[in-house]
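Everything below concerns the one structure shown next.
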Amino acid sequence: MLKLGLTGGIGAGKSEVSRILSSYGAMLIDSDRIAREVVEPGTSGLAAVVAEFGPEVLTADGTLDRPRLGGIVFSDPERLRALNAIVHPLVRDRSAELEAAAGPGTVVVHDVPLLTENGLAPLYDVVVVVDASPETQLDRLVRLRGMAEDEARARMAAQATRAERLAVADVVIDNDGPLEALEPRVREVWTDLLARAAGS
């Protein structure tokens, strides 16, 4: 089994790379998806978030009001740390459970947005960083996701810098160009990963 940590700044195209790798046969463990699961209604994770941030972070039907919570934490590093201290251990435990089910020779892709920020690079055999310029990231967030520019800039500022991400990378996938240029590069990386998995 090859444990791969996949990361990239918001708007860099990491989700597209994880989708392509999955289509090739990688086992995908998506930290964002798991982070949503561990705070669903009835979970201890949601109870802990409400205890920390108050009932105003819930919607009328008792689910987590993500936009409201995001508005609180992305402008306040201390509140973001408090949220991460609740959610990250739960995500880590669930990810380990899923990984334990992988067979030999499997390329297990951990899609981890905050890999760099949380010093997680040593946990993986290979760290792949999907890279795009800050200008490209901002354009995608505003034009494709419909974010307000100030919100997009705040989200980008809450993450590691481009240089910090590149410093932990074993492999860099440049995604500054058009989408059609991405898949050939991902296929090259996949071929390399299969070779590494066979030798691991």
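The values are calculated or read from the model by the stated rules, or taken from the named source; none is laboratory data. All values derive from a computational prediction rather than experimental measurement. We place every Cβ from the backbone using ideal geometry, glycine too, and count neighbours over all the protein chains shown.
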task: From (1) touching a helix residue (DSSP H, G or I) at 6+ places or on another chain (Cβ under 7 Å); (2) small (Gly, Ala, Ser); (3) surrounded by fewer than 18 Cβ atoms within 10 Å (Cβ to Cβ), pick out the condition that doesn't hold for Ala152.
output: (3)
task: For region 161-182, state whether one or more residues are under 19 Å from Ile29 (Cβ atoms), among the charged types (D, E, K, R) and out of contact with any Lys or Arg (no Cβ under 9 Å at 6 or more places or on another chain).
output: yes
message: Suppose the filter is at pLDDT below 95 and farther than 24 Å from Glu97 by Cβ; does Leu58 pass it?
response: no
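Across region 159-200, which residue is surrounded by the fewest Cβ atoms within 10 Å (Cβ to Cβ) among those that are of a type in the set (S, T, N, Q) and touching a residue at least 60 places away in the same chain (Cβ under 8 Å)?
Looking at residues that are of a type in the set (S, T, N, Q) and touching a residue at least 60 places away in the same chain (Cβ under 8 Å), I get Ser200.
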- prompt: Listed residues Leu46, Leu28; which is buried (at least 16 other Cβ atoms within 10 Å of the Cβ), over 19 Å from Val168 (Cβ atoms) and without any contact (Cβ under 8 Å) to a residue 40 or more places away in the chain?
  reply: Leu46
- prompt: In region 62-89, how many are in contact (Cβ under 8 Å) with a residue 12 or more places away in the chain and in a loop (DSSP other than H, G, I, E, B)?
  reply: 4
task: Just one of (1) surrounded by 15 or more Cβ atoms within 10 Å (Cβ to Cβ); (2) in contact (Cβ under 8 Å) with a residue 40 or more places away in the chain trips up Ser133, so point out which.
output: (1)
